[in-house]
Amino acid sequence: MKKKIVLAVLFILPVVVYLFFASGVNNFGRLPILTEKVADVARIDPNVQLKDKITILGFLGNDVASKQGNAFNLNQKIYKRFGEFNDFQMVMLVTEDQMGKVEDLKSELGKLSDIDKWHFAFGNPDEIETIFESLETNIDLDDSYSTPNVFIVDKDLKLRGRTDDEDEGTKYGFDTSLVAELNNKMVDDIKIILAEYRLALKKNNADRSK
């Protein structure tokens with residue numbers, strides 16, 4: 001009897017493992033495109049651009065001080081994990097009257113990590129709203145032109161997200177006030193898009209070497 005159980009495990013376990021990883025390939029092959037053309041922040045602040053970068057795009061508006069906790073969550077759970085990748089960056093949109101508050105925030109973030117890939121783009125409320133509306137999401141900015149949600153924008157200015165999220169259906173952004181959401185969803189999605197670009201780079205290099 002014991003021999004039969006051992007034999008069954010030896011035959012069944014590899015099949016189960018194969019099916020598990022096969023399903024993983026399907027789920028993690030490519031992060032869906034939700035919006036085809038996001039406006040580049042370079043149009044309002046030439047010191048920052050989204051093109052050719054994998055960007056975590058956020059909107060702090062004119063209320064940077066009250067969003068410090070959100071920024072710290074994002075820094076600890078996302079930036080520290082992925083900031084080492086060359087093409088990765090964090091971009092936060094703020095109103096022009098918040099320069100002093102931004103310097104305070106950068107000083108606090110700098111105590112926790114190297115912040116060379118944290119960028120802040122300055123614009124007026126209308127300009128910030130224009131960039132936000134180009135995302136074409138089901139999320140709204142509040143009265144301070146801010147939102148706790150951040151968004152994944154790829155190198156070609158396409159908004160990436162989920163079309164089959166178990167809680168929201170179509171998921172456009174990630175709530176930085178919810179650490180569990182950053183850990184359980186956003187981390188996975190960033191892994192997918194980084195792997196996608198790495199695979200594309202390997203393919204291009206292989207094609208050139210032929």
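The values are calculated or read from the model by the stated rules, or taken from the named source; none is laboratory data. Keep in mind that this is a model prediction, so the values were computed, not measured. Note: ideal-geometry Cβ built from the backbone for every residue, glycine included; neighbour counts use all protein chains shown. What goes into the accessible areas is simple: the full protein's heavy atoms, side chains included, and nothing from ligands, DNA or RNA. Shrake-Rupley method; radii C 1.70, N 1.55, O 1.52, S 1.80 Å.
A 1.4 Å probe run over the range 93-210, with the rest of the protein chains in place, finds 51 Å² accessible per residue. Qualifying chymotrypsin sites (Phe, Trp or Tyr not before Pro) in the range 57-110, where qualification requires a DSSP coil assignment and no more than 15 other C-beta atoms within 10 Å, comprise 85.
In units of the compact-protein estimate 2.2 N^0.38 Å, the range 81-210 shows a Cα radius of gyration of 1.20. Mind listing which GluC sites (Glu not before Pro) in the range 104-210 are in a DSSP loop and have 13 or fewer other Cβ atoms within 10 Å? Listed in order of number, the matching sites are 136, 166, 168. For the Cα trace of the range 25-66, dividing Rg by the Kirkwood Rh returns an Rg/Rh value of 1.09. Pairs spanning more than 27 Å between alpha-carbon atoms, out of 101/185; 111/171; 67/158; 80/101: 101/185; 111/171.
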